[in-house]
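The values are calculated or read from the model by the stated rules, or taken from the named source; none is laboratory data. Given the structure is predicted, the values throughout are model-derived calculations rather than measurements. Because the Cβ atoms are built from the backbone with ideal geometry, glycine has one as well, and the counts that use them run over all protein chains shown. Only protein heavy atoms, including side chains, enter the accessible area calculation; ligands, DNA and RNA are left aside. Shrake-Rupley method; radii C 1.70, N 1.55, O 1.52, S 1.80 Å.
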Amino acid sequence: MRALVATARLLRCCIHVLHGMAVMSRFPRLDEAGRHARIGWWSGALVRHLGLALHVRGTAPRPGATLVVANHVSFLDIAAIHAAIPQARFVSKADVLAWPLLGWLIKNAGTLFIERERKRDAVRVVHAMAESLQRGETVAVFPEGTTGPGDVPLPFHANLLQAAISTGTPVQPVVLRYATPGERVATAAQFLGETTLLQTVWRMASARGLAVHVEILPPVSTAHADRRALAEHLRQLVAERLEAA
């Protein structure tokens, strides 16, 4: 029975992704507000089609220069945040480009890609982020650099935070937590080790009562900040909320 439910959910997701590609093709004819509205709607619908309940808490930043910083748990994190903060332009690993269909959508949503195996590539991305923030855009990053177990955040890398410090842009911490009625942190959502994208998608589609909680914390000033101290402070804020959940 669960296999049938999961299959039906995945079919709906596939149709929704194809619909998203059609919507994306019309983006050049839309203004900024129109694009954001469609990104928010499409992202929230993707989460629900996969069978998850979406719970958003806190006040989302208005469109404008903001650096969104979140813990990283699942391949679905970008959609969950976009449902709450649709104007966010993500920085993501270049590996995402290989994801079937989703990679194309993520690229055409304005994502900045970083090749983490190339140490000097971070410098290029920081400059691109700073330029984006100076234009008044919202940029989002996962400073852990990879997905974690979801209960305790991994160490936050400080490099990308330099873009916010250099431009005097506030940082908006966001806490992501996946849970089921029997688990405070859902193992079905974990994307760890040798787990493939297809395996984690199937586990999530098969789960009962899976929900993603998006908690938007108050913004943090970057004035006179040291990037390593800022990274640790942001990680502590996220860890405290995960522990309190």
Relative contact order [Cα under 8 Å, 6+ residues apart], region 114-227, whole percent: 28
Per 5 Å bin from zero, what fraction in whole % of the C-alpha pairs of region 21-118 is there, up to the bin with the longest pair? 2, 11, 23, 26, 21, 12, 4, 0
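As a test of understanding, state the convex hull volume per residue of region 3-58 from its alpha carbons, in Å³.
Values: hull volume 3.0 nm³, N = 56.
It is 54 Å³ per residue.
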Dipole-positive endmost among A94, V23, L52 within region 1-156 (Cβ charges, Cα centre): V23
Charge context of S206, other residues only, Cβ under 13 angstrom, K/R +1, D/E -1: +4
Compute the angle between helix 227-244 and the longest alpha-carbon principal axis of the chain, please, reported from 0 to 90 degrees and rounded to the nearest 10. 40
How large is the helix-only mean residue ellipticity at 222 nm for the chain, computed as the sum of -39500 (n - 2.57) over DSSP H runs with n ≥ 4, divided by its residue count, in deg cm²/dmol to the nearest 500? -13500 deg cm²/dmol
Plugging the Kirkwood radius over Cα pairs into Stokes-Einstein for region 149-245, at a temperature of 10 °C and a viscosity of 1.306 mPa s, what D comes out in µm²/s? 106
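Note down the magnitude of the dipole of region 1-62 about its Cα centre, charges +1 on Lys and Arg C-beta and -1 on Asp and Glu C-beta and zero elsewhere, to the nearest 20 debye.
Values: 10 positive and 2 negative charges, 25 e Å.
Computed charge dipole of region 1-62: roughly 120 debye.
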Among A65, F142, L154, pick out the residue whose Cα is farthest towards the positive end of the charge dipole of region 29-161, where Lys and Arg carry +1 and Asp and Glu carry -1 on C-beta, about the Cα centre. A65
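Across the chain, where is the longest run that never hits GluC sites (Glu not before Pro) in a DSSP loop with at most 10 other C-beta atoms within 10 Å? Could you put the intermediate results ahead of the total?
Working: sites that count: E117, E194.
Formally, the longest exposed-site-free interval is 1-116.
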On C-alpha positions alone, give me the angle between the axis of helix 121-134 and the longest principal axis of the chain, in degrees, nearest 10. 80
Farthest toward the dipole's positive end in the chain, which of L197, Q172, M129, given Cβ charges of +1 (Lys, Arg) and -1 (Asp, Glu) about the Cα centre? L197
When ligands, DNA and RNA are left out and all protein chains stay put, how many square angstrom of accessible area per residue does region 118-245 have with a 1.4 Å probe? 49
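Based on Cβ point charges of +1 for Lys and Arg and -1 for Asp and Glu, what charge dipole magnitude is obtained for the chain about its Cα centre, in debye rounded to the nearest 20? Don't jump to the answer; show the numbers that get you there.
Values: 27 positive and 18 negative charges, 124 e Å.
Charge dipole of the chain: 600 debye, to the nearest 20.
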q = 0.07 Å⁻¹: log10 I(q)/I(0) that the Debye formula gives for the chain, counting C-alpha atoms only: -0.21
Measure off 7 Å from each Cα along the Cα-to-Cβ vector at S25 and R48, then give the distance between these two points in nanometres to one decimal. 2.5
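Expressed as a whole percentage, what fraction of the accessible surface of the chain belongs to carbon and sulfur atoms when a 1.4 Å probe is rolled over the protein heavy atoms? Could you put the intermediate results ahead of the total?
Working: 6730 of 11880 Å².
Carbon-and-sulfur percentage of accessible area, whole number: 57.
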